[in-house]
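S.K.: I have a structure here, written as structure tokens, and I will follow up with some questions on it.
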Amino acid sequence: MPRTTTQRYYFAALAAMSLAPVCAQQLEEVVISASRAEMRSFDAPAAVQRIDRQAIEGGGPQINLSESLVRAPGLTILERQNYAQDLQISIRGFGARSAFGVRGIRLMIDGIPATTPDGQGQSSSVSLTSTDRIEVLRGPLAQLYGNSSGGVIQAFTKDAAKVPTVDYQYYLGSYGMHRADYQFSDTVGGYGLVADYGTFSTSGYRANSAAERKQFNGKLSFEPNEQTKVNVVFNQFDMPLAQDPLGLTRQQLIDDPTQAGNNAVAKFTRKVVLQNQLGSSIKYAVDADNAFTARVYYGTRENLQYLAATTWVGLNRTYYGTGLQYNGRAEWQGTPIEWAAGYEFDKSTERRQGGVSLLGEKRAGSLTRDEDNEAQNNDFFVQATAHVSEQISLVGGLRQSNVTFNSSDYYITDGIGSGTANFSATSPVLGLTWHANDNLNIYANYGQGFESPTLAEMAYSGTTVGTFVNSFNTDVKAASSKHYELGAKWVPTRNTRLDIAVYQIDTSDEIVVLFNNSGKVSYQNAPGTSRIGWELAAASQLSDHFSTSISASAIDAKYSQAFNAGTAIPSGNKIPGIPDSSTFAEIAWASEAFTPKTKSPLGTRVALEWQQAGRIFANDLNTESADGRSVFNLSLSQRWAWNQSLVTLYGRLNNISDARYVGSVLVNQTATPPQSYEPAMPFNWVVGLSLSIPLR
């Protein structure tokens, strides 16, 4: 990687940190993402971070994943301040092209997919107030999760309390933000229940950016016998209003970052969403070494969006799936082996309609699009870890993926809007871990993956700038990638741990934005891209009362081959939407001495946070970009025990230096001048109250 000024700065920072105490993550943290079975995160042969409940609570009002996942290196969540388009999440650059929602990353909640077969996902599906922990898996082993697995984010709902417990949270913040949450938890006769209902509203920092949300998440757990564990999960996400302020031109950004983009107010651009999902997972332990896990789920999602192009788009989706996995432990010629094998089937069907809107409402008799779209996958996978010796272990895996798309058009009478596309790939992964000693693991992994276009990315055709055709675009091919990774996990002292990884990813037929205008986006393939980067995660319990943590990453993501996107894009240009560096650092003081097993420590905690992101390009030509930014936040909490109850006061001051910067960019905007920039919030504040009351 060429050592730019920014990269030299980060290598210097890394060298400095290597001379200081740097980490305090507990060795006994358990993760399942890397091996599909429970194992210590320190022993996982991959770059995987676990964000626990304390970090989720301390990150903010628990509205967005961006509050807590900033602690995971290699993962970028851009601050859009636009609830109509969801968060813009990327892992090692995968997902950066997303115009809305999540692409290129697998989302899972309690083992049930929150990503449809074509690779679409919504981060708002995660109910943070009832989430116990989140795991973020990066690198080659993520490819074993199938199509669009540039990385994996898994959320796990908390277990039920042993006695009936009521929890209440209320947050108040800048720009009319209100957040309330009500939770009940109990275990009766072997049945555990967690029921969580939350509301959120904001008037928004920018014009036309108000939003309202209501969310329910429930989990029922029981064990019919000693060998069987059952979880039943139901969640509902209801967003009756999410106004879309659109992007700004550079001049608009300078003049007034609080304004909405062109036509946003006049056309009342916004989105309405209602999603329901019911799922169940069953684990049956044959014996101490062998177990089956099965899952089944069903969901619906209604999505209505009004665009600045005086049009509306409606998507009514039904999705469902099932999966079966077998985990086993055995010996082969004296070598212990842990393995998993399984099958997964997922399907989504959606009715896509569109028409003309007038002043932000549907115009009667104005239908311009009417079709049924389907996507489904049939996948088989196997993954095994062989402990060749006390110091060497090998991991290998293979996934066979088959993804099918179909569109039946009822509006275009000659049928040119219909089409079928099939994608299949075999994704192998191979890795080696050297367990140098009890405190040092070094691993190397290689894997191949693929990423199909989503149904939304095949929704528009067009080869002329600004021209969109409402027909199914089967010209977009699936991308294929090769991943190389080298990493180390080191625990030099009882309170010290450092994780570091370097990687290279070479991709053929990368899916990129061709045109983006007034809410409509068309896509094509770039012949080749490369990503080279490094990641660091570290933390330290400096004393009984002081702790520090840091996550940092840098990436050189560029087009390795020239191509045409309405104009010639030369080799070497940076891939838009990907900051070249990012950092989260925190130093905290607690009045009570640190205790590893205490999940809800009493007393006062004060933390100073630093968040940094490098330059980010907004188009393939690299003529539009946003400068890097550096932001400081201050958080404060005070927790008391009152009889058996817990009372907590929270406070946060975000962007305390009142820095003005671009939080996110819209890739390859074709308007003149382009509306590429979404400003982040200036100085803002949040205060909150939390009560946890056992009823006996």
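The values are calculated or read from the model by the stated rules, or taken from the named source; none is laboratory data. Quantities reported herein were computed from a predicted structural model and do not represent experimental measurements. No Cβ is skipped: glycine too gets one built from the backbone with ideal geometry, and neighbour counts run over all protein chains shown.
S.K.: Of all residues in the range 302-336, which are hydrophobic (A, V, I, L, M, F, W, C), surrounded by fewer than 20 Cβ atoms within 10 Å (Cβ to Cβ) and touching a Ser or Thr at 6+ places or on another chain (Cβ under 7 Å)?
M.R.: Hit for the range 302-336 is Ala309, nothing else.
S.K.: Here's another thing I want to ask about it. Where in the range 506-620 are there strands (runs of 3 or more DSSP E), lying fully within it, with 1 or more residues that are over 23 Å from Ile656 (Cβ atoms) and under 21 Å from the mean Cα position of the chain (by Cα)? Break it down stepwise before answering.
M.R.: Values: elements: 520-541, 546-559, 581-590, 603-613.
Hits in the range 506-620: 520-541, 546-559.
S.K.: Moving on to the next point. Does Pro245 qualify as being without any contact (Cβ under 8 Å) to a residue 40 or more places away in the chain and under 26 Å from the mean Cα position of the chain (by Cα)?
M.R.: no
S.K.: Taking the condition of being of a type in the set (Ser, Thr, Tyr), under 25 Å from the mean Cα position of the chain (by Cα) and either at pLDDT below 95 or surrounded by fewer than 18 Cβ atoms within 10 Å (Cβ to Cβ) (or both), how many residues in the range 183-202 meet it? Outline the logic, then answer.
M.R.: Here is the first cut: in the range 183-202, the ones of a type in the set (Ser, Thr, Tyr) are 185, 187, 191, 197, 199, 201-202.
Adding the requirement that they be under 25 Å from the mean Cα position of the chain (by Cα) leaves 197, 199, 201-202.
When the remaining residues are screened for being either at pLDDT below 95 or surrounded by fewer than 18 Cβ atoms within 10 Å (Cβ to Cβ) (or both), the result is 199, 201.
Matching residues across the range 183-202 total 2.
S.K.: For the range 117-141, how many residues meet the condition of being over 19 Å from Asp238 (Cα atoms) and touching a Phe, Trp or Tyr at 6+ places or on another chain (Cβ under 9 Å)?
M.R.: Of the residues in that region, 10 qualify.
S.K.: If you go through the range 432-453 one residue at a time, do you hit one that is within 21 Å of Ser522 (Cα to Cα) and not in a strand (DSSP E or B)?
M.R.: Within the range 432-453, one or more residues are within 21 Å of Ser522 (Cα to Cα) and not in a strand (DSSP E or B).
S.K.: Would you be able to say whether some residue in the range 224-233 is surrounded by fewer than 19 Cβ atoms within 10 Å (Cβ to Cβ), over 25 Å from Arg80 (Cβ atoms), in contact (Cβ under 8 Å) with a residue 40 or more places away in the chain and under 22 Å from the mean Cα position of the chain (by Cα)?
M.R.: No, there is no match, as no residue in the range 224-233 is surrounded by fewer than 19 Cβ atoms within 10 Å (Cβ to Cβ), over 25 Å from Arg80 (Cβ atoms), in contact (Cβ under 8 Å) with a residue 40 or more places away in the chain and under 22 Å from the mean Cα position of the chain (by Cα).
S.K.: A follow-up question, please. Condition (residue is closer than 30 Å to Leu432 by Cβ, of a type in the set (A, V, I, L, M) and either without any contact (Cβ under 8 Å) to a residue 40 or more places away in the chain or not in a helix (DSSP H, G or I) (or both)) applied to the range 177-185: is it met by at least one residue?
M.R.: Restricting attention to the range 177-185, the residues satisfying the condition of being closer than 30 Å to Leu432 by Cβ are none.
No, because not a single residue in the range 177-185 is closer than 30 Å to Leu432 by Cβ, of a type in the set (A, V, I, L, M) and either without any contact (Cβ under 8 Å) to a residue 40 or more places away in the chain or not in a helix (DSSP H, G or I) (or both).
S.K.: Out of (1) under 23 Å from Phe216 (Cβ atoms); (2) in a loop (DSSP other than H, G, I, E, B); (3) modelled with pLDDT of 90 or more, what's the single condition that is false for Asp86?
M.R.: Asp86 satisfies every listed condition except (3).
S.K.: I'd like the residue in the range 161-179 that is buried (at least 16 other Cβ atoms within 10 Å of the Cβ) and hydrophobic (A, V, I, L, M, F, W, C) and, out of all such residues, is farthest from Leu220 (Cα to Cα).
M.R.: Met177
S.K.: Identify all residues within the range 62-115 that are of a type in the set (S, T, N, Q), out of contact with any Leu (no Cβ under 7 Å at 6 or more places or on another chain) and more than 25 Å from Leu498 (Cβ to Cβ); write none if there are none.
M.R.: Gln81, Asn82, Gln85, Ser98
S.K.: Could you pull out the residue among Ile416, Ile442, Ile412 that is among the β-branched types (Val, Ile, Thr) and at pLDDT 95 or above? Explain how you work it out, then say what you get.
M.R.: Numbers: Ile416 fails: at pLDDT 95 or above; Ile412 fails: at pLDDT 95 or above.
That would be Ile442, the only listed residue that is among the β-branched types (Val, Ile, Thr) and at pLDDT 95 or above.
S.K.: Please go through the range 385-399 and give me each residue that is surrounded by fewer than 22 Cβ atoms within 10 Å (Cβ to Cβ) and either closer than 15 Å to Asp43 by Cβ or at pLDDT below 95 (or both), ordered by number.
M.R.: First, the residues of the range 385-399 that are surrounded by fewer than 22 Cβ atoms within 10 Å (Cβ to Cβ): 386-392, 394, 396, 398.
Scanning the range 385-399 gives Ala386, His387, Val388, Ser389, Glu390, Gln391, Ile392, Leu394.
S.K.: Which numbered condition in (1) of a type in the set (Gly, Ala, Ser); (2) over 20 Å from Ile412 (Cα atoms); (3) buried (at least 17 other Cβ atoms within 10 Å of the Cβ) is the only one that Ala288 fails?
M.R.: Going through (1) of a type in the set (Gly, Ala, Ser); (2) over 20 Å from Ile412 (Cα atoms); (3) buried (at least 17 other Cβ atoms within 10 Å of the Cβ) one by one, Ala288 breaks only (3).
S.K.: Would you call Arg639 part of a strand (DSSP E or B), of a type outside the set (S, T, N, Q) and in contact with a Phe, Trp or Tyr (Cβ under 9 Å, 6 or more places away or on another chain)?
M.R.: When the stated conditions are applied, Arg639 does not pass them.
S.K.: Could you list, in sequence order, the residues of the range 163-202 that are under 19 Å from Leu691 (Cα atoms), among the β-branched types (Val, Ile, Thr) and touching a Lys or Arg at 6+ places or on another chain (Cβ under 6 Å)?
M.R.: Selection gives Val163, Val194, Thr199.
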